[in-house]
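The values are calculated or read from the model by the stated rules, or taken from the named source; none is laboratory data. On a predicted model such as this, the values are computed, not experimentally measured, just so you know. Here the Cβ is made from the backbone with ideal geometry for all residues, glycine too, and neighbour counts use every protein chain on show.
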(Lines give C-alpha, C1' and ligand atoms only; values in the text may rest on other atoms or scores of the structure.)
Protein backbone atom coordinates (compact mmCIF):
# COMPACT_ATOMS: atom_id res chain seq x y z
CA UNK A 1 0.00 0.00 0.00
CA UNK A 2 1.43 3.35 -1.00
CA UNK A 3 1.61 5.90 1.84
CA UNK A 4 -0.89 8.66 1.53
CA UNK A 5 -1.83 10.32 4.83
CA UNK A 6 -5.52 10.56 5.56
CA UNK A 7 -5.23 14.30 6.22
CA UNK A 8 -5.08 14.63 2.43
CA UNK A 9 -8.22 12.58 1.97
CA UNK A 10 -8.75 11.25 -1.55
CA UNK A 11 -12.49 11.51 -1.09
CA UNK A 12 -14.70 13.78 -3.10
CA UNK A 13 -17.99 15.37 -2.19
CA UNK A 14 -17.82 17.87 -5.01
CA UNK A 15 -20.61 19.28 -7.13
CA UNK A 16 -20.62 16.04 -9.10
CA UNK A 17 -21.83 14.21 -6.03
CA UNK A 18 -24.97 16.33 -5.73
CA UNK A 19 -25.94 16.65 -9.38
CA UNK A 20 -29.67 16.51 -9.89
CA UNK A 21 -30.64 13.10 -11.25
CA UNK A 22 -27.11 12.01 -12.08
CA UNK A 23 -27.15 8.75 -14.06
CA UNK A 24 -30.93 8.84 -14.62
CA UNK A 25 -31.51 8.31 -18.33
CA UNK A 26 -34.05 10.43 -20.12
CA UNK A 27 -37.36 8.86 -21.07
CA UNK A 28 -37.77 8.80 -24.85
CA UNK A 29 -40.78 11.12 -24.76
CA UNK A 30 -39.01 13.68 -22.62
CA UNK A 31 -35.90 13.48 -24.75
CA UNK A 32 -37.86 14.20 -27.93
CA UNK A 33 -39.61 17.16 -26.31
CA UNK A 34 -36.34 18.66 -25.06
CA UNK A 35 -34.68 18.25 -28.47
CA UNK A 36 -37.65 20.00 -30.14
CA UNK A 37 -37.54 22.78 -27.55
CA UNK A 38 -33.82 23.34 -28.09
CA UNK A 39 -34.44 23.55 -31.84
CA UNK A 40 -37.00 26.32 -31.18
CA UNK A 41 -34.55 28.21 -28.98
CA UNK A 42 -31.78 27.77 -31.52
CA UNK A 43 -34.00 29.12 -34.28
CA UNK A 44 -35.21 32.08 -32.20
CA UNK A 45 -31.77 33.15 -31.02
CA UNK A 46 -29.44 31.67 -33.61
CA UNK A 47 -27.61 30.06 -30.68
CA UNK A 48 -25.10 27.50 -31.90
CA UNK A 49 -23.80 26.75 -28.38
CA UNK A 50 -26.83 24.67 -27.38
CA UNK A 51 -26.19 20.92 -27.14
CA UNK A 52 -27.33 18.61 -29.90
CA UNK A 53 -29.54 15.56 -29.50
CA UNK A 54 -26.61 13.14 -29.10
CA UNK A 55 -25.32 15.21 -26.18
CA UNK A 56 -28.49 14.69 -24.14
CA UNK A 57 -28.24 11.35 -22.36
CA UNK A 58 -29.34 11.89 -18.75
CA UNK A 59 -31.15 14.33 -16.47
CA UNK A 60 -28.09 16.49 -15.61
CA UNK A 61 -27.19 17.13 -19.26
CA UNK A 62 -30.81 17.98 -20.03
CA UNK A 63 -31.01 20.29 -17.02
CA UNK A 64 -27.81 22.04 -18.09
CA UNK A 65 -29.25 22.60 -21.57
CA UNK A 66 -32.49 23.96 -20.12
CA UNK A 67 -30.62 26.27 -17.75
CA UNK A 68 -28.56 27.62 -20.63
CA UNK A 69 -31.68 28.07 -22.75
CA UNK A 70 -33.52 29.87 -19.94
CA UNK A 71 -30.63 32.29 -19.40
CA UNK A 72 -30.32 33.15 -23.11
CA UNK A 73 -34.07 33.44 -23.77
CA UNK A 74 -34.69 35.51 -20.63
CA UNK A 75 -31.87 37.91 -21.59
CA UNK A 76 -33.25 38.22 -25.12
CA UNK A 77 -36.81 38.85 -23.90
CA UNK A 78 -35.64 41.48 -21.40
CA UNK A 79 -33.55 43.20 -24.06
CA UNK A 80 -36.44 43.22 -26.51
CA UNK A 81 -38.82 44.81 -24.02
CA UNK A 82 -36.24 47.36 -22.88
CA UNK A 83 -35.52 48.49 -26.41
CA UNK A 84 -39.15 48.61 -27.56
CA UNK A 85 -38.87 45.36 -29.45
CA UNK A 86 -41.59 43.88 -31.61
CA UNK A 87 -44.43 42.69 -29.36
CA UNK A 88 -44.90 39.44 -31.28
CA UNK A 89 -41.23 38.57 -30.90
CA UNK A 90 -41.32 39.34 -27.17
CA UNK A 91 -44.44 37.22 -26.75
CA UNK A 92 -42.73 34.32 -28.53
CA UNK A 93 -39.74 34.51 -26.20
CA UNK A 94 -42.00 34.58 -23.14
CA UNK A 95 -43.83 31.52 -24.48
CA UNK A 96 -40.46 29.75 -24.82
CA UNK A 97 -39.69 30.58 -21.19
CA UNK A 98 -42.99 29.01 -20.16
CA UNK A 99 -42.25 25.83 -22.11
CA UNK A 100 -38.74 25.61 -20.64
CA UNK A 101 -40.29 25.82 -17.18
CA UNK A 102 -42.79 23.05 -17.97
CA UNK A 103 -40.07 20.69 -19.22
CA UNK A 104 -37.96 21.45 -16.17
CA UNK A 105 -40.88 20.44 -13.95
CA UNK A 106 -41.23 17.19 -15.91
CA UNK A 107 -37.56 16.39 -15.23
CA UNK A 108 -38.04 17.16 -11.54
CA UNK A 109 -40.94 14.71 -11.35
CA UNK A 110 -38.95 12.09 -13.28
CA UNK A 111 -36.03 12.47 -10.89
CA UNK A 112 -38.27 12.09 -7.85
CA UNK A 113 -39.85 8.94 -9.30
CA UNK A 114 -36.43 7.52 -10.03
CA UNK A 115 -35.23 8.23 -6.49
CA UNK A 116 -38.33 6.66 -5.00
CA UNK A 117 -37.70 3.57 -7.13
CA UNK A 118 -34.07 3.50 -5.89
CA UNK A 119 -35.21 3.57 -2.26
CA UNK A 120 -37.66 0.81 -3.13
CA UNK A 121 -34.78 -1.35 -4.41
CA UNK A 122 -32.95 -0.82 -1.11
CA UNK A 123 -36.03 -1.97 0.79
CA UNK A 124 -36.28 -5.00 -1.51
CA UNK A 125 -32.59 -5.80 -0.93
CA UNK A 126 -32.95 -5.64 2.85
CA UNK A 127 -36.03 -7.86 2.71
CA UNK A 128 -33.87 -10.68 1.28
CA UNK A 129 -31.86 -10.70 4.52
CA UNK A 130 -34.81 -11.18 6.87
CA UNK A 131 -34.57 -14.94 6.74
CA UNK A 132 -30.89 -15.04 7.80
CA UNK A 133 -30.73 -16.88 11.13
CA UNK A 134 -26.97 -16.64 11.69
CA UNK A 135 -24.20 -14.13 11.13
CA UNK A 136 -22.47 -16.53 8.74
CA UNK A 137 -25.56 -16.70 6.53
CA UNK A 138 -25.98 -12.94 6.68
CA UNK A 139 -22.39 -12.37 5.56
CA UNK A 140 -22.83 -14.83 2.69
CA UNK A 141 -25.90 -13.00 1.35
CA UNK A 142 -25.19 -9.33 2.14
CA UNK A 143 -22.94 -8.50 -0.83
CA UNK A 144 -25.47 -9.92 -3.29
CA UNK A 145 -28.18 -7.87 -1.58
CA UNK A 146 -26.19 -4.69 -2.27
CA UNK A 147 -26.36 -5.53 -5.96
CA UNK A 148 -30.12 -6.06 -5.69
CA UNK A 149 -30.22 -2.47 -4.43
CA UNK A 150 -28.96 -1.37 -7.85
CA UNK A 151 -25.18 -1.48 -7.68
CA UNK A 152 -23.05 -3.54 -10.06
CA UNK A 153 -20.41 -4.74 -7.60
CA UNK A 154 -20.19 -4.90 -3.82
CA UNK A 155 -17.64 -5.81 -1.17
CA UNK A 156 -18.47 -6.64 2.44
CA UNK A 157 -15.60 -6.43 4.92
CA UNK A 158 -14.96 -6.74 8.63
CA UNK A 159 -12.59 -4.83 10.91
CA UNK A 160 -10.51 -6.86 13.32
CA UNK A 161 -7.69 -5.37 15.41
CA UNK A 162 -7.46 -2.32 13.09
CA UNK A 163 -7.21 -4.61 10.05
CA UNK A 164 -9.63 -4.32 7.12
CA UNK A 165 -10.39 -7.86 5.94
CA UNK A 166 -12.59 -8.74 2.96
CA UNK A 167 -15.45 -11.14 3.79
CA UNK A 168 -17.53 -11.41 0.63
CA UNK A 169 -17.69 -9.98 -2.90
CA UNK A 170 -20.47 -9.86 -5.48
CA UNK A 171 -19.97 -9.01 -9.16
CA UNK A 172 -23.34 -9.24 -10.88
CA UNK A 173 -22.06 -10.34 -14.29
CA UNK A 174 -18.93 -12.28 -13.37
CA UNK A 175 -18.91 -14.59 -10.34
CA UNK A 176 -15.35 -15.73 -11.06
CA UNK A 177 -14.11 -12.14 -11.06
CA UNK A 178 -15.82 -11.66 -7.71
CA UNK A 179 -14.03 -14.71 -6.32
CA UNK A 180 -10.69 -13.37 -7.55
CA UNK A 181 -11.28 -9.99 -5.88
CA UNK A 182 -12.31 -11.78 -2.68
CA UNK A 183 -9.16 -13.87 -2.62
CA UNK A 184 -6.97 -10.82 -3.20
CA UNK A 185 -8.77 -8.93 -0.45
CA UNK A 186 -8.36 -11.79 2.02
CA UNK A 187 -4.69 -12.33 1.29
CA UNK A 188 -3.92 -8.61 1.45
CA UNK A 189 -5.62 -7.27 4.62
CA UNK A 190 -5.09 -3.53 5.00
CA UNK A 191 -4.12 -1.78 8.23
CA UNK A 192 -6.33 1.21 9.04
CA UNK A 193 -3.44 3.45 10.06
CA UNK A 194 -4.34 6.58 8.14
CA UNK A 195 -2.62 5.58 4.92
CA UNK A 196 -5.91 4.75 3.17
CA UNK A 197 -9.12 6.75 2.94
CA UNK A 198 -11.21 4.08 4.64
CA UNK A 199 -9.58 5.12 7.93
CA UNK A 200 -11.80 8.20 7.83
CA UNK A 201 -14.92 6.04 7.97
CA UNK A 202 -13.79 4.55 11.28
CA UNK A 203 -12.86 7.91 12.72
CA UNK A 204 -15.85 9.93 11.48
CA UNK A 205 -18.43 7.12 11.09
CA UNK A 206 -19.62 8.51 7.74
CA UNK A 207 -19.57 7.23 4.19
CA UNK A 208 -17.21 8.35 1.45
CA UNK A 209 -17.18 8.74 -2.33
CA UNK A 210 -13.83 8.14 -4.06
CA UNK A 211 -13.14 9.17 -7.65
CA UNK A 212 -10.17 8.48 -9.95
CA UNK A 213 -9.41 5.29 -8.02
CA UNK A 214 -6.67 4.14 -10.38
CA UNK A 215 -4.78 7.39 -9.87
CA UNK A 216 -5.21 7.62 -6.09
CA UNK A 217 -2.33 6.64 -3.81
CA UNK A 218 -4.42 6.32 -0.64
CA UNK A 219 -6.67 3.39 -1.61
CA UNK A 220 -6.56 -0.36 -1.17
CA UNK A 221 -4.20 -0.84 -4.09
CA UNK A 222 -4.50 -4.68 -4.46
CA UNK A 223 -8.30 -4.46 -4.68
CA UNK A 224 -8.18 -1.34 -6.86
CA UNK A 225 -5.89 -3.07 -9.33
CA UNK A 226 -7.92 -6.28 -9.35
CA UNK A 227 -11.31 -4.56 -9.68
CA UNK A 228 -10.30 -1.87 -12.21
CA UNK A 229 -12.64 0.42 -10.33
CA UNK A 230 -12.99 4.01 -11.54
CA UNK A 231 -14.97 5.31 -8.58
CA UNK A 232 -16.69 3.79 -5.58
CA UNK A 233 -18.71 4.67 -2.55
CA UNK A 234 -18.16 3.05 0.84
CA UNK A 235 -19.98 3.31 4.14
CA UNK A 236 -19.27 2.01 7.65
CA UNK A 237 -21.14 -1.03 8.95
CA UNK A 238 -22.07 -0.34 12.55
CA UNK A 239 -23.55 -2.23 15.48
CA UNK A 240 -24.10 -0.77 18.94
CA UNK A 241 -22.44 2.47 17.85
CA UNK A 242 -19.15 0.83 16.81
CA UNK A 243 -17.78 0.41 13.28
CA UNK A 244 -17.36 -3.33 12.73
CA UNK A 245 -16.91 -3.38 8.96
CA UNK A 246 -17.37 -1.66 5.60
CA UNK A 247 -19.70 -1.93 2.62
CA UNK A 248 -18.21 -0.86 -0.75
CA UNK A 249 -20.10 -0.55 -4.04
CA UNK A 250 -19.76 0.89 -7.53
CA UNK A 251 -21.55 1.25 -10.89
CA UNK A 252 -18.88 -0.42 -13.02
CA UNK A 253 -21.10 -1.93 -15.71
CA UNK A 254 -23.32 1.15 -15.84
CA UNK A 255 -20.16 3.01 -16.87
CA UNK A 256 -20.66 5.98 -14.60
CA UNK A 257 -19.10 7.38 -11.47
CA UNK A 258 -20.95 7.03 -8.20
CA UNK A 259 -22.23 10.18 -6.51
CA UNK A 260 -23.66 11.54 -3.29
CA UNK A 261 -27.03 9.92 -3.86
CA UNK A 262 -25.35 6.53 -4.28
CA UNK A 263 -23.68 7.10 -0.93
CA UNK A 264 -27.09 7.91 0.61
CA UNK A 265 -28.54 4.68 -0.79
CA UNK A 266 -25.64 2.59 0.49
CA UNK A 267 -25.81 4.27 3.89
CA UNK A 268 -29.50 3.38 4.13
CA UNK A 269 -28.70 -0.21 3.20
CA UNK A 270 -25.85 -0.40 5.74
CA UNK A 271 -28.13 0.86 8.50
CA UNK A 272 -30.54 -1.97 7.79
CA UNK A 273 -27.68 -4.46 7.52
CA UNK A 274 -26.33 -3.28 10.88
CA UNK A 275 -29.70 -3.96 12.49
CA UNK A 276 -29.79 -7.41 10.89
CA UNK A 277 -26.25 -8.07 12.13
CA UNK A 278 -27.28 -7.17 15.68
CA UNK A 279 -30.16 -9.64 15.40
CA UNK A 280 -28.07 -12.52 14.03
CA UNK A 281 -25.35 -11.87 16.62
CA UNK A 282 -27.94 -12.32 19.35
CA UNK A 283 -29.19 -15.49 17.65
CA UNK A 284 -25.61 -16.80 17.55
CA UNK A 285 -25.23 -16.14 21.27
CA UNK A 286 -28.51 -17.86 22.06
CA UNK A 287 -27.44 -20.80 19.92
CA UNK A 288 -24.15 -21.03 21.81
CA UNK A 289 -26.02 -21.05 25.12
CA UNK A 290 -28.32 -23.78 23.82
CA UNK A 291 -25.30 -25.82 22.75
CA UNK A 292 -23.90 -25.36 26.25
CA UNK A 293 -27.07 -26.72 27.79
CA UNK A 294 -27.00 -29.58 25.31
CA UNK A 295 -23.44 -30.35 26.43
CA UNK A 296 -24.53 -30.55 30.06
CA UNK A 297 -27.53 -32.72 29.26
CA UNK A 298 -25.46 -35.01 27.07
CA UNK A 299 -22.73 -35.33 29.67
CA UNK A 300 -25.17 -36.20 32.43
CA UNK A 301 -27.01 -38.69 30.24
CA UNK A 302 -23.86 -40.49 29.11
CA UNK A 303 -21.99 -40.55 32.42
CA UNK A 304 -22.17 -43.73 34.44
CA UNK A 305 -24.71 -43.58 37.25
CA UNK A 306 -22.16 -44.52 39.90
CA UNK A 307 -19.92 -41.62 38.82
CA UNK A 308 -22.61 -38.93 38.90
CA UNK A 309 -23.32 -38.14 42.56
CA UNK A 310 -25.21 -35.22 43.97
CA UNK A 311 -22.72 -32.64 45.15
CA UNK A 312 -19.81 -34.23 43.26
CA UNK A 313 -19.44 -34.69 39.51
CA UNK A 314 -22.67 -33.10 38.32
CA UNK A 315 -22.41 -29.76 40.19
CA UNK A 316 -18.74 -29.44 39.18
CA UNK A 317 -19.60 -29.88 35.47
CA UNK A 318 -22.49 -27.42 35.64
CA UNK A 319 -20.43 -24.88 37.51
CA UNK A 320 -17.71 -25.14 34.93
CA UNK A 321 -20.20 -24.51 32.16
CA UNK A 322 -21.67 -21.43 33.86
CA UNK A 323 -18.22 -19.89 34.04
CA UNK A 324 -17.72 -20.72 30.36
CA UNK A 325 -20.94 -18.87 29.44
CA UNK A 326 -19.97 -15.77 31.39
CA UNK A 327 -16.43 -15.66 30.11
CA UNK A 328 -17.00 -16.70 26.54
CA UNK A 329 -16.18 -13.32 25.03
CA UNK A 330 -12.99 -13.02 27.02
CA UNK A 331 -11.31 -16.34 26.28
CA UNK A 332 -9.97 -17.70 23.05
CA UNK A 333 -12.90 -19.98 22.37
CA UNK A 334 -11.20 -23.15 23.64
CA UNK A 335 -12.85 -25.15 26.40
CA UNK A 336 -10.37 -26.48 28.95
CA UNK A 337 -12.71 -29.35 29.81
CA UNK A 338 -11.68 -31.07 26.60
CA UNK A 339 -8.60 -33.31 26.65
CA UNK A 340 -5.64 -32.26 24.53
CA UNK A 341 -5.32 -35.50 22.65
CA UNK A 342 -7.48 -38.05 20.95
CA UNK A 343 -7.24 -40.61 23.73
CA UNK A 344 -10.00 -43.18 23.42
CA UNK A 345 -10.94 -42.05 19.92
CA UNK A 346 -9.35 -41.81 16.50
CA UNK A 347 -9.85 -38.03 16.31
CA UNK A 348 -6.85 -36.09 15.12
CA UNK A 349 -5.45 -33.16 17.07
CA UNK A 350 -6.84 -30.73 14.48
CA UNK A 351 -10.28 -32.33 14.71
CA UNK A 352 -10.19 -31.84 18.47
CA UNK A 353 -9.33 -28.17 17.96
CA UNK A 354 -12.34 -27.85 15.66
CA UNK A 355 -14.47 -29.70 18.23
CA UNK A 356 -13.45 -27.26 20.96
CA UNK A 357 -14.50 -24.28 18.84
CA UNK A 358 -17.75 -26.04 17.94
CA UNK A 359 -18.40 -26.29 21.67
CA UNK A 360 -18.01 -22.52 21.95
CA UNK A 361 -20.75 -22.04 19.38
CA UNK A 362 -18.47 -20.79 16.61
CA UNK A 363 -19.65 -21.00 13.01
CA UNK A 364 -17.59 -22.72 10.32
CA UNK A 365 -16.46 -19.34 9.04
CA UNK A 366 -15.25 -18.19 12.44
CA UNK A 367 -13.50 -21.51 13.08
CA UNK A 368 -11.74 -21.13 9.73
CA UNK A 369 -10.49 -17.66 10.63
CA UNK A 370 -9.29 -18.72 14.08
CA UNK A 371 -7.41 -21.75 12.80
CA UNK A 372 -6.28 -19.98 9.60
CA UNK A 373 -7.74 -22.63 7.30
CA UNK A 374 -10.40 -22.52 4.61
CA UNK A 375 -14.07 -22.91 5.45
CA UNK A 376 -14.19 -25.95 3.18
CA UNK A 377 -11.50 -27.61 5.30
CA UNK A 378 -13.54 -26.87 8.43
CA UNK A 379 -16.61 -28.50 6.88
CA UNK A 380 -14.50 -31.54 6.07
CA UNK A 381 -13.24 -31.76 9.66
CA UNK A 382 -16.79 -31.46 11.01
CA UNK A 383 -17.94 -34.24 8.69
CA UNK A 384 -15.13 -36.52 9.91
CA UNK A 385 -15.89 -35.68 13.56
CA UNK A 386 -19.57 -36.58 13.16
CA UNK A 387 -18.68 -39.84 11.44
CA UNK A 388 -16.04 -40.86 13.99
CA UNK A 389 -18.29 -40.09 16.96
CA UNK A 390 -21.40 -41.54 15.32
CA UNK A 391 -23.22 -38.25 15.86
CA UNK A 392 -26.07 -36.84 13.81
CA UNK A 393 -25.24 -33.19 14.42
CA UNK A 394 -22.69 -30.85 16.01
CA UNK A 395 -24.37 -30.71 19.43
CA UNK A 396 -24.59 -34.49 19.67
CA UNK A 397 -20.91 -34.80 18.70
CA UNK A 398 -19.81 -32.51 21.50
CA UNK A 399 -22.13 -34.23 23.99
CA UNK A 400 -20.70 -37.64 23.12
CA UNK A 401 -17.19 -36.36 23.49
CA UNK A 402 -18.05 -34.98 26.93
CA UNK A 403 -19.45 -38.36 27.86
CA UNK A 404 -16.18 -40.00 26.83
CA UNK A 405 -14.33 -37.44 28.90
CA UNK A 406 -16.38 -38.39 31.97
CA UNK A 407 -15.67 -42.05 31.36
CA UNK A 408 -11.94 -41.54 30.89
CA UNK A 409 -9.91 -43.10 33.75
CA UNK A 410 -8.55 -40.69 36.29
CA UNK A 411 -11.27 -38.09 35.93
CA UNK A 412 -13.22 -38.53 39.19
CA UNK A 413 -11.44 -41.24 41.14
For this session: Would you check if there is a residue in the range 236-243 being touching a residue at least 60 places away in the same chain (Cβ under 8 Å) and within 16 Å of the chain's Cα centre (by Cα)?
Result: yes
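Rundown of residues vs (1) under 26 Å from residue 276 (Cα atoms); (2) under 15 Å from the mean Cα position of the chain (by Cα), yes/no style:
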site: 180; (1), (2): no, no
site: 185; (1), (2): yes, yes
site: 195; (1), (2): no, no
site: 203; (1), (2): yes, no
site: 214; (1), (2): no, no
site: 218; (1), (2): no, no
site: 229; (1), (2): no, no
site: 234; (1), (2): yes, yes
site: 248; (1), (2): yes, yes
Exercise. Looking at the range 120-133, is at least one residue on the phi > 0 side of the Ramachandran plot and surrounded by fewer than 15 Cβ atoms within 10 Å (Cβ to Cβ)?
Worked result: no
Problem set entry | Condition met for residue 22 (modelled with pLDDT of 70 or more and surrounded by 13 or more Cβ atoms within 10 Å (Cβ to Cβ)) | no
For this session: Kindly provide the set of residues from the range 222-242 that are surrounded by fewer than 18 Cβ atoms within 10 Å (Cβ to Cβ) and more than 16 Å from residue 152 (Cα to Cα), ordered by number.
Result: 222, 225, 239, 240, 241, 242
Problem set entry | Residue, surrounded by the fewest Cβ atoms within 10 Å (Cβ to Cβ), within the range 200-210, restricted to residues that are under 17 Å from residue 263 (Cα atoms) and in contact with a helix residue (DSSP H, G or I) (Cβ under 9 Å, 6 or more places away or on another chain) | 206
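Being in a strand (DSSP E or B), touching a strand residue (DSSP E or B) at 6+ places or on another chain (Cβ under 9 Å) and within 27 Å of residue 282 (Cα to Cα): is that true of residue 154 here?
yes
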Exercise. Residues of the range 171-191 being crowded, with 21+ Cβ neighbours inside 10 Å and over 12 Å from residue 227 (Cβ atoms), which ones?
Worked result: 190
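Would a scan of the range 146-161 turn up a residue that is exposed (fewer than 14 other Cβ atoms within 10 Å of the Cβ) and under 30 Å from residue 177 (Cβ atoms)? Steps first, please.
Let us first name the residues in the range 146-161 that are exposed (fewer than 14 other Cβ atoms within 10 Å of the Cβ), namely 160-161.
Subset that is under 30 Å from residue 177 (Cβ atoms): 160-161.
Checked the range 146-161: at least one residue is exposed (fewer than 14 other Cβ atoms within 10 Å of the Cβ) and under 30 Å from residue 177 (Cβ atoms).
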Exercise. Of 31, 115, 63, 72, which residue is in contact with a helix residue (DSSP H, G or I) (Cβ under 9 Å, 6 or more places away or on another chain), farther than 30 Å from residue 255 by Cβ and either assigned to a helix (DSSP H, G or I) or in contact (Cβ under 8 Å) with a residue 12 or more places away in the chain (or both)?
Worked result: 72
Seminar exercise, completed: Exactly one of 107, 93, 38 is within 38 Å of the chain's Cα centre (by Cα), at pLDDT 70 or above and not in a loop (DSSP other than H, G, I, E, B), and that residue is 107
Problem set entry | Among the residues listed as 97, 112, 93, the single one being at negative phi, crowded, with 19+ Cβ neighbours inside 10 Å and out of contact with any strand residue (DSSP E or B) (no Cβ under 9 Å at 6 or more places or on another chain) | 93
Problem set entry | Breaking point among (1) modelled with pLDDT under 95; (2) touching a helix residue (DSSP H, G or I) at 6+ places or on another chain (Cβ under 6 Å), for residue 160 | (2)
Seminar exercise, completed: Selection over the range 211-221 where residues are farther than 15 Å from residue 155 by Cα and surrounded by 21 or more Cβ atoms within 10 Å (Cβ to Cβ) yields a count of 2
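Could you list all residues from the range 122-134 that are touching a residue at least 24 places away in the same chain (Cβ under 8 Å), more than 15 Å from residue 247 (Cβ to Cβ) and outside any loop (DSSP other than H, G, I, E, B)?
Quick first cut of the range 122-134, residues touching a residue at least 24 places away in the same chain (Cβ under 8 Å) only: 122, 124-126, 129-130, 132-134.
After this cut, where a residue has to be more than 15 Å from residue 247 (Cβ to Cβ) as well, the list is 124, 130, 132-134.
If the condition is that a residue be touching a residue at least 24 places away in the same chain (Cβ under 8 Å), more than 15 Å from residue 247 (Cβ to Cβ) and outside any loop (DSSP other than H, G, I, E, B), then 124 is the only one that fits.
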For this session: Among the numbered conditions (1) at pLDDT 75 or above; (2) surrounded by 12 or more Cβ atoms within 10 Å (Cβ to Cβ); (3) in a loop (DSSP other than H, G, I, E, B), tell me where residue 49 comes up short.
Result: (2)
